[in-house]
Each structure stands twice: as structure tokens, then as C-alpha cells.
1. Exactly one condition in (1) touching a strand residue (DSSP E or B) at 6+ places or on another chain (Cβ under 6 Å); (2) open to solvent by 10 Å² or more (accessible area, probe 1.4 Å) is not met by A68; state its number.
2. Which numbered condition in (1) touching a Lys or Arg at 6+ places or on another chain (Cβ under 8 Å); (2) in contact (Cβ under 8 Å) with a residue 40 or more places away in the chain is the only one that A107 fails?
3. I want to confirm something. Restricting to the range 16-64 and keeping residues that are of a type in the set (V, I, T), touching a Leu at 6+ places or on another chain (Cβ under 8 Å) and open to solvent by 20 Å² or more (accessible area, probe 1.4 Å), which single residue is farthest from L163 (Cα to Cα)?
4. State which residue is nearest to L78 (Cα to Cα) when the search covers only the range 110-149 and only residues that are of a type in the set (A, V, I, L, M, F, W, C), under 16 Å from the mean Cα position of the chain (by Cα) and open to solvent by 40 Å² or more (accessible area, probe 1.4 Å).
5. Which of the residues that make up the range 1-27 are of a type in the set (A, V, I, L, M) and in contact with a Phe, Trp or Tyr (Cβ under 8 Å, 6 or more places away or on another chain)?
6. So R175 clears everything in (1) assigned to a loop (DSSP other than H, G, I, E, B); (2) at pLDDT below 90 except one condition, right? Which one?
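The values are calculated or read from the model by the stated rules, or taken from the named source; none is laboratory data. Nothing here was measured: the structure is a model prediction, and the numbers come from that model. Don't worry about glycine lacking a Cβ; one is built from the backbone with ideal geometry, like all the others, and counts go over all protein chains shown. The accessibility values were calculated without ligands, DNA or RNA, using every heavy atom of the protein model including side chains. Shrake-Rupley method; radii C 1.70, N 1.55, O 1.52, S 1.80 Å.
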Amino acid sequence: MTTYGTMLIPLPLEQAAPVLREICAAGYAAPAGPGFCLLHPDRFVDGNGVFALAGPVSGALGVPVLAAFQYDGDRLELEVWRDGVRAHRYDSSPHDRDDKPADGTPADADPAAFLEFAAGPVDGHRLASALADTPIDVEDMDVDGEPGYVWAQALHWDVLMALGHPGQVISCAQRDHCHFERAPRVLAELLESGELVVVGAAGNRDDTP
């Protein structure tokens, strides 16, 4: 499964874009429904990962941001930043200091920490179940009866769905900068339509469509 890192920002893209262009070294941003936008930074640029950018972005915009990093379908990390300070960190698969699995219980699975990112009515039961790594839907459960989600992106999907975000927005929130780069024709169409905008130094690259 593909790794991705994205940031959900509770501001319309037209308000957030000027700041994102200044702070993000390279990446793309997209509208995400009324009152929200998404940032897809190029995580292979030093200091340009979602967790490195979340503090400066939240401080400059004056709004909380939700940074998400999903690793290879196995682990979802969520960080809430406010005014440049990390306010909450969730880890679906925490590890101990020797990088060995701990007891498997997600760290800081507090639904209240994410409520300010709701785009509509909140499904509290689904949100709490997702953060506890307890899928509600049968298709997300392990066929061998193991506890937890089969894929971490399904957990991420349920968190955002429980917060009232539509499927189209959630799909975009699960796309990495690399996903866009690997499909230049689709990328060009998205940029032309305004569904995606370039932020940071990526706009000056010779190979940018």
C-alpha cells in the first residue's frame, strides 16, 4: 500500500494559498469542500513533511491544522497543531523505544481532539471506533479474525467520514504529492481546472506541467 502525507486545513483554498505558497517548499493544494482545503507537500524535500509544516502553517494562518501520515497501509499518525504548537498526536500503531510493537493499542485516541475539523454532523460512534482501531464495517476487518483495520487508510477514511467529509474529499486527502507527479496528464488537467494549485518552489521547476 502507498504511503502518503497530507494536511487538512479549515480555511477555503483562496484564503490559505498565499501562506501555503510561502511556507511549503514544494507541493500542491486543493479545495476540500466549503471552508476546507488540503495540502499535499513534497515530503522528499528536506523539512517539507506534513509534521514539519503543520506548526508554521497553523501559526501563520491562525487556524488549527490536521496533519496525517499513513505509512504503507500499516500505520496512521495524526497530529493537531494550533498556533504553531502541537496540541494532540494520535498513533494507530505505537512502538516502544526499541522500535518493537507495543501492546497494539492506539495512542491518544480521543475523539474530542478532532471535532474542530468536522465538515458536517459528526458520527461519534464511528469516530471513536475508528480511533480505537475497531472497524465497524465488515470489509475493513481482518478475514483471519485479527483485531483492527486491515489497512490504515481505511481507518483514516472512517475518521474523516465520521467528521462529515464527503468521499471525494477523503479520496483527495489520501493522495500524496507523489501520486500527482506519477500521472502527468491527470495532473495537468487538475491544474488547468483549478482543482489543484501549485505551492512553493514547485512552480518554478522546469518539469512542472
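1. In the conditions (1) touching a strand residue (DSSP E or B) at 6+ places or on another chain (Cβ under 6 Å); (2) open to solvent by 10 Å² or more (accessible area, probe 1.4 Å), A68 misses (2) alone.
2. Against the list (1) touching a Lys or Arg at 6+ places or on another chain (Cβ under 8 Å); (2) in contact (Cβ under 8 Å) with a residue 40 or more places away in the chain, A107 comes up short only on (2).
3. My answer is I23.
4. Of the range 110-149, the ones of a type in the set (A, V, I, L, M, F, W, C) are 112-115, 117-119, 122, 127-128, 130-132, 136, 138, 141, 143.
Still in the list and also under 16 Å from the mean Cα position of the chain (by Cα): 113-115, 117-119, 127, 130-131.
After this cut, where a residue has to be open to solvent by 40 Å² or more (accessible area, probe 1.4 Å) as well, the list is 115, 119.
Details: L115: 13, A119: 17 Å.
Among those that are of a type in the set (A, V, I, L, M, F, W, C), under 16 Å from the mean Cα position of the chain (by Cα) and open to solvent by 40 Å² or more (accessible area, probe 1.4 Å), it is L115.
5. Those that are of a type in the set (A, V, I, L, M) and in contact with a Phe, Trp or Tyr (Cβ under 8 Å, 6 or more places away or on another chain): M1, L8, I9, L11.
6. The number of the failed condition is (2).
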